[in-house]
Amino acid sequence: MKIAIPDDYQDMVHRLACFRLLDGHRVTRYREPAADLDQLAARLEDADVVVAIRERVEFSRDLIARLPRLKLIALVGRNATTIDYEACTAHRVAVATGKSQSEASPAELTVALMLAARRNIALEAERMRRGEWPCTLSHRLRGSVLGIYGLGKIGSLVAEAGRGLGMTVLVWGRDGSRERARAAGYQAAASAAEFFERADVLSLHMRLRPETRGMVGPGDLARMKPTALLVNTARAELIQPGALLAALRQGRPGYAAIDVYEDEPIVNGDHPFLAMPNVLCTPHLGWAEWDNFELYFSEAFEQIVAYGSGAPLRLANPTVALQSPPGGTA
């Protein structure tokens, strides 16, 4: 089969051990995103299978309609908001998904960003590299308040790390999050206002859904301390568009550490956060580590192998009328 893997930003997929699962197939990888829909369609038009790396490519109805050879999208991960599943079903394109979720990787990055931002590590390391004197005093974590917005699996790991560092953990979110907080011995905020006002470090861990999109607005951010840090390794769209940039310019919160953006990837330094010394930015690294890649990509590649052999698939669109693979039996 002809397999296309677009947007391999790290240029690493071919170095994974699980890449051997695709031996015998014609695999084409692209590191940089397509410039537009026409270029994207041209890259994928000959593919029988496309490996969708999380939500890096938007599989719109227009794109699906321009890929008549496409039979399978193998999703790296369990779900994606960037795939038009109805269009895929209408065009007989099966969407196979992963089954695992690794909470450790994004939780670890969140803690790393907390430490790096509060202790000015990136800023001072770069000044040292340039031969300059140190210029800041940092904020320690011990004794400060860690606000966790959403005490799910990832938020729980971050909360555990915060407690281990001597932080007071304060939780806000749905009823379930606050109940889990009390059961774990954390504090549950009585209101959103209390949560935003008290947190010295505030970390977002809600899943992006229609009801959580834009859940953090200018009024919430304006309640934060001038010395507070907001960390977002979840989804940029949890915050209302432009609200965090405006809040940082107004000084509440005073700092941010960001791994997710409304439009990704960020290239050529083209984002206002990158010009702000009080903002630490990373390029969506929350899931990008070797063990995670091996886990997620192996599940996607195993689905391709299963498709080629006619074995059952984990389908996001189970009503799709499967097309047979080239020379296959599906």
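The values are calculated or read from the model by the stated rules, or taken from the named source; none is laboratory data. As the structure is a computational prediction, the values presented were derived from the model and not from experiment. A quick note on method: Cβ atoms are made from the backbone with ideal geometry, for glycine too, and the neighbour counts reach across all protein chains shown. Accessible surface areas use protein heavy atoms only, side chains included; no ligands, DNA or RNA. Shrake-Rupley method; radii C 1.70, N 1.55, O 1.52, S 1.80 Å.
Structure data summary
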{"read-out": "Long-range neighbours under 7 Å by Cβ, at least six apart or interchain, first residue open to solvent by 50 Å² or more (accessible area, probe 1.4 Å) within the range 7-21, second in a loop (DSSP other than H, G, I, E, B)", "value": "TYR9/ARG31; TYR9/PRO265; GLN10/ALA288; ASP11/ARG31"}
{"read-out": "Search result, residues across the range 306-325 that are crowded, with 16+ Cβ neighbours inside 10 Å and modelled with pLDDT of 95 or more", "value": "ALA306, TYR307, GLY308, LEU313, ARG314, LEU315, ALA316, ASN317, VAL320"}
{"read-out": "Filter result (under 21 Å from PRO106 (Cβ atoms), in contact with an Asp or Glu (Cβ under 8 Å, 6 or more places away or on another chain) and either buried (at least 16 other Cβ atoms within 10 Å of the Cβ) or not charged (D, E, K, R) (or both)) within the range 177-213", "value": "LEU208"}
{"read-out": "Single unsatisfied condition, GLY166 versus (1) surrounded by fewer than 15 Cβ atoms within 10 Å (Cβ to Cβ); (2) assigned to a helix (DSSP H, G or I)", "value": "(2)"}
{"read-out": "Hits in the range 188-216 - residues which are touching a helix residue (DSSP H, G or I) at 6+ places or on another chain (Cβ under 7 Å) and farther than 16 Å from ASN232 by Cα", "value": "ALA188, ALA189, ALA192"}
{"read-out": "Members of the range 135-163 found to be part of a helix (DSSP H, G or I) and either polar (S, T, N, Q) or over 26 Å from the mean Cα position of the chain (by Cα) (or both), listed by number", "value": "SER156"}
{"read-out": "Neighbours by Cβ (under 7 Å, 6+ apart or cross-chain): first from the range 158-176, within 11 Å of VAL111 (Cβ to Cβ); second surrounded by fewer than 24 Cβ atoms within 10 Å (Cβ to Cβ) and among the hydroxyl-bearing types (Ser, Thr, Tyr)", "value": "ALA159/TYR186; MET167/SER144"}
{"read-out": "Check on THR319, touching a residue at least 12 places away in the same chain (Cβ under 8 Å), of a type outside the set (A, V, I, L, M, F, W, C) and under 30 Å from PHE195 (Cα atoms)", "value": "no"}
{"read-out": "Qualifying residue in the range 243-257 (condition: among the hydrophobic types (A, V, I, L, M, F, W, C), at pLDDT 95 or above, open to solvent by 20 Å² or more (accessible area, probe 1.4 Å) and within 30 Å of LEU230 (Cβ to Cβ))", "value": "yes"}
{"read-out": "Looking only at the range 118-127, and only at residues there that are surrounded by 18 or more Cβ atoms within 10 Å (Cβ to Cβ) and either of a type in the set (A, V, I, L, M, F, W, C) or touching an Asp or Glu at 6+ places or on another chain (Cβ under 9 Å) (or both), the one that is farthest from TRP287 (Cα to Cα)", "value": "LEU123"}
{"read-out": "Qualifying residue in the range 272-285 (condition: open to solvent by 60 Å² or more (accessible area, probe 1.4 Å), under 17 Å from LYS2 (Cα atoms) and not hydrophobic (A, V, I, L, M, F, W, C))", "value": "no"}
{"read-out": "Filtered residues of the range 128-157 (kept if open to solvent by 70 Å² or more (accessible area, probe 1.4 Å) and of a type in the set (A, V, I, L, M))", "value": "MET128, LEU137"}
{"read-out": "Test: ARG66 is open to solvent by 80 Å² or more (accessible area, probe 1.4 Å), in contact (Cβ under 8 Å) with a residue 24 or more places away in the chain, more than 30 Å from LEU146 (Cα to Cα) and in contact with a helix residue (DSSP H, G or I) (Cβ under 8 Å, 6 or more places away or on another chain)", "value": "yes"}
{"read-out": "Test result for ALA80, under 13 Å from ALA316 (Cβ atoms), touching a strand residue (DSSP E or B) at 6+ places or on another chain (Cβ under 8 Å), at pLDDT below 95 and open to solvent by less than 40 Å² (accessible area, probe 1.4 Å)", "value": "yes"}
